[in-house]
Amino acid sequence: MNHPLRVAINGYGRIGRCVLRALIESGRDRAIELVAINEPADLASMAYLTRFDSTHGVFPGTVEEAADGLRINGRLVRVHHGRAPGDCPWRELGIDLLLECSGAYGTRDALTAFLEAGCPRVLVSQPARSAADVDFTVVHGINDDGLDAGQRLVSAASCTTNAIVPVLDLLERGPGVRNAYLTTLHSVMNDQPMIDGYHHADLRRTRSAMQSIVPVATGLAQGVERLLPGLAGRIQAKAVRVPILNVSAIDLMVNLGRATDVESLNGLFQQAARERPGLLACTGHPHASIDFNHDPRSAIIDLGHTRVNGGDFANLLVWFDNEWGFANRMLDVAQAWAALFMGATPADTAERQGNFPQGA
């Protein structure tokens, strides 16, 4: 393409800030130009939270406040403080793609407001409320071939969907999946209070995030079926929030289509990890969750926790950095989509820079 992919970020919370940082740390800022950020918070707070992050550490570069935005490593990123899609001059910014990272827009009507305000295309950092609310939902490495230059609203699914769909797809193409139950052990999120308070209609989410394991509702089963329709009716899921800041895991129980053993399953995962090193990984080390903080891969299968009972009933443990991994997948999807609507070549999705556990 003749110029870098020009993007803007709407919503500069956990995912928005991780997207900006992943863009720079991966070196993709040479191919993707961040033009603007829209965030209601004040500029000084935005600059501070870009520089210093309790989860991912100090920003590896320079962040300065400017008259009309933030200067990141010497490059000006314009900042707007709109509270609605029409409050920002998207058309005048000349962007090719908006990365919608606020999590506040899940329906077609709500997302279309960005198109009407001048955004040519929108990539959403969450699952849409229904499949019909976007033109396409993509999990990088699974169904990228369904992206189309004519699409205008695309969802990058969720962090948990990006972690488990590649694993289930691998199992379905190998021994087969008769049915599966997914339990997500997810780090705390900002819809939970630090101390008990009136924060949510779900009464469990009114309880202190850092003092309890909190069961929450999840749409993960529906998200999996949206991406792997052949498994429709065979997936169930539940989720609990655990009192850590980042990194999550999925405990997968699966009835397989044919008998297998631990060695065969682990061999299947190791082969897939060799073929897709930037997407999947395997580890045999005795890890704790903190070891995967700032890991850009979608899923890391803990080989030491693979179990098989009765030949066809398996239990797996899958780790993932729910912030950093998903931010990197959003950038992968943005580049794959740009390859179609701008004539670009998608960047190689080989292993990104990151704090990978030794031997993982």
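The values are calculated or read from the model by the stated rules, or taken from the named source; none is laboratory data. Keep in mind the model is a prediction, meaning the values are calculated, not measured. Here the Cβ is made from the backbone with ideal geometry for all residues, glycine too, and neighbour counts use every protein chain on show.
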ask   = For residue 258, are the conditions met, namely being charged (D, E, K, R) and over 24 Å from residue 14 (Cβ atoms)?
value = yes
task = Please find, within region 115-154, the residue that is farthest from residue 337 (Cα to Cα) out of those that are assigned by TED's automatic domain parsing to the domain that holds residue 15 and among the basic types (Lys, Arg).
result = 129
message = Looking only at residues that are touching a residue at least 40 places away in the same chain (Cβ under 8 Å) and surrounded by 23 or more Cβ atoms within 10 Å (Cβ to Cβ) in region 124-136, which one is farthest from the chain's Cα centre (by Cα)?
response = 127
task = Would you check if residue 91 is touching a helix residue (DSSP H, G or I) at 6+ places or on another chain (Cβ under 7 Å) and among the charged types (D, E, K, R)?
result = no
query = What number of residues within region 5-38 are of a type in the set (Lys, Arg) and in contact with a Ser or Thr (Cβ under 7 Å, 6 or more places away or on another chain)?
reply = 1
query = over 20 Å from residue 325 (Cβ atoms), over 23 Å from the mean Cα position of the chain (by Cα), of a type in the set (D, E, K, R) and part of a loop (DSSP other than H, G, I, E, B): does that describe residue 78?
reply = no
ask   = Looking at 25, 39, which one is under 13 Å from residue 331 (Cα atoms), surrounded by 17 or more Cβ atoms within 10 Å (Cβ to Cβ), among the acidic types (Asp, Glu) and not assigned by TED's automatic domain parsing to the domain that holds residue 245?
value = 25
request  = Pairs only if they're at least six apart or on different chains, beta carbon under 6 angstrom, first in region 89-114 and charged (D, E, K, R), second modelled with pLDDT of 95 or more; list them, first residue then second.
outcome  = 91/118; 96/5; 96/6; 100/10; 100/122; 100/124; 108/133
ask   = Looking only at residues in region 44-76 that are surrounded by 13 or more Cβ atoms within 10 Å (Cβ to Cβ) and of a type in the set (A, V, I, L, M), which one is nearest to residue 293 (Cα to Cα)?
value = 49
key: Condition broken by residue 12, with the remaining ones in (1) in contact with an Asp or Glu (Cβ under 8 Å, 6 or more places away or on another chain); (2) farther than 20 Å from residue 124 by Cα; (3) assigned to a loop (DSSP other than H, G, I, E, B) satisfied   = (2)
query = Which condition number does residue 356 fail, the rest of (1) at pLDDT 95 or above; (2) farther than 19 Å from residue 5 by Cβ being met?
reply = (1)
task = Could you pull out every one of the strands (runs of 3 or more DSSP E) wholly within region 143-250 that has 3 or more residues that are surrounded by fewer than 22 Cβ atoms within 10 Å (Cβ to Cβ) and touching a residue at least 24 places away in the same chain (Cβ under 8 Å)?
result = 177-187, 214-216, 235-242
